[in-house]
Amino acid sequence: METKAEMKKMLFVQSEDETLFVQSIMEHQDTLISIAYSYLRNRHDALEAVQEMTCRAWIKRRTLKNEKAFKSWIIRILIYVCIDEQRRRKRSTPLPNEGLEEEIAESAITRFNDNKLAMWSMLEKIKPKYRHVLLLKYYNDMTLIEIASILGKPEGTIKTWQHKGLELLRKQMKNRGDWYEN
């Protein structure tokens, strides 16, 4: 059996570990919320996704081999949380007034012509691997090296996915008549 002193020491180490973990998450909070928002397009859902990511990361914290990869690791977990939420949304049936928020957002897109938001409907039609790269690169201003680290792929693959994703977007824009060639 452990003595009271040993138990106190274990509790102190655990609370110190927890504090350090939370501080590390807080360091990247803005980036995490931005990434979640770019996937879910709703601030409330983005905050919930970050909270869920924090829980999953805490539970799996012992699996992180390299502390330098912490940011990439938590972003990868966040992306999985966002994908899970998107799948859940597809399975649920909206109630009559549930789509009201989307209608308001769509009218705001039209009125304010915010290119980042207007692109979302086109991005949804692109393969997820290309969409991930484009969201992280253009919505979250990440470098290709950072994206490669997050997605666990070589930088050359990420460049290819970026190129193919942009190519697909151009085709969609041409088909819609939004693209003007000089």
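The values are calculated or read from the model by the stated rules, or taken from the named source; none is laboratory data. As the structure is a computational prediction, the values presented were derived from the model and not from experiment. Cβ: placed from backbone, ideal geometry, glycine included. Neighbour counts: every protein chain shown. Accessible surface is based on the protein model in full, side chains and every heavy atom, while ligands, DNA and RNA are left aside. Shrake-Rupley method; radii C 1.70, N 1.55, O 1.52, S 1.80 Å.
Once phi is turned into θ = phi - 60°, what whole-Hz ³J(HN,Hα) does the Karplus curve with 6.51, -1.76 and 1.60 give for every residue of region 35-43, x standing for Gly and Pro?
5, 4, 5, 5, 8, 9, 6, 8, 4
Mind ranking Leu151, Leu169 by accessible surface for me, highest first, 1.4 Å probe?
Details: Leu151 40, Leu169 15 Å².
Output order, biggest surface exposure first: Leu151, Leu169.
Modelling each spin label as a point 7 Å along the Cα-to-Cβ direction, I'd like the Ile33/Lys164 distance in nm, to one decimal.
Result: 3.5 nm between the two label points.
Could you compute the FRET efficiency for Phe21 and Ala69, with r as their C-beta to C-beta distance and R0 at 22 Å, rounded to 0.05?
Working: r = 15 Å, r/R0 = 0.67.
Rounded to the nearest 0.05, the efficiency is 0.90.
Taking a spot 7 Å from the Cα of Thr143 along the direction of its beta carbon, which residues of region 25-39 have an amide N less than 19 Å from it?
28, 31-32
Provide the packing ranking of 136-147, 80-91, i.e. peptides ordered by the mean count of other C-beta atoms within 10 Å per residue, highest first.
136-147, 80-91
Pop out the ³J(HN,Hα) list for region 145-155 in order, Karplus 6.51 cos²θ - 1.76 cosθ + 1.60 with θ = phi - 60°, rounded to Hz; leave Gly and Pro as x.
Using θ = phi - 60°, the values come out as 5, 4, 5, 4, 5, 5, 8, x, 10, x, 4 Hz.
Short version: ³J(HN,Hα) in whole Hz for each residue of region 23-31, in order, from phi by Karplus 6.51 cos²θ - 1.76 cosθ + 1.60 (θ = phi - 60°), x for Gly and Pro, what are they?
Couplings: 4, 5, 5, 4, 4, 10, 4, 4, 4 Hz.
What nm value, rounded to one decimal, do you get for the distance between Arg176 and Lys125 when each label is placed 7 Å out toward the C-beta?
About 0.8 nm, to one decimal.
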